[in-house]
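Engineer: Okay, handing you the structure first.
The values are calculated or read from the model by the stated rules, or taken from the named source; none is laboratory data. None of these values were measured; they are calculated from a predicted model. All Cβ positions, glycine included, derive from the backbone under ideal geometry; neighbour counts span all protein chains shown.
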């Protein structure tokens, strides 16, 4: 696979390797892709939970608790 990053990203990758955080450019790119994948997995889970909440509201299942009430109950 051949990828063109552009000058800005190539410089960033080089800086990461030079800093010693990563051993080579491939590690930088793999780490970025892993983080992006994790982000999208979390985003999908959040969308799912928001959907569940919206469904609850549409069905009339709502709470009148305030944020303070919830914090007090959790503490």
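Engineer: Do the conditions hold for residue 61, that is, is it exposed (fewer than 10 other Cβ atoms within 10 Å of the Cβ) and either modelled with pLDDT of 95 or more or in a loop (DSSP other than H, G, I, E, B) (or both)?
Structural biologist: Working: exposed (fewer than 10 other Cβ atoms within 10 Å of the Cβ): yes; either modelled with pLDDT of 95 or more or in a loop (DSSP other than H, G, I, E, B) (or both): yes.
For residue 61, the condition - exposed (fewer than 10 other Cβ atoms within 10 Å of the Cβ) and either modelled with pLDDT of 95 or more or in a loop (DSSP other than H, G, I, E, B) (or both) - is met.
Engineer: While we're on this one: Kindly indicate whether any position in segment 25-43 is surrounded by 11 or more Cβ atoms within 10 Å (Cβ to Cβ) and part of a loop (DSSP other than H, G, I, E, B).
Structural biologist: no
Engineer: Here's a follow-up. Identify, from the list 73, 52, the residue that is over 24 Å from the mean Cα position of the chain (by Cα) and part of a helix (DSSP H, G or I).
Structural biologist: When all the criteria are applied, what remains is 73.
Engineer: If I filter segment 6-15 for residues that are modelled with pLDDT under 95 and part of a helix (DSSP H, G or I), do I get at least one hit? Step through it out loud before you land on a result.
Structural biologist: At the first step, the residues of segment 6-15 found to be modelled with pLDDT under 95 are none.
No: segment 6-15 contains no residue that is modelled with pLDDT under 95 and part of a helix (DSSP H, G or I).
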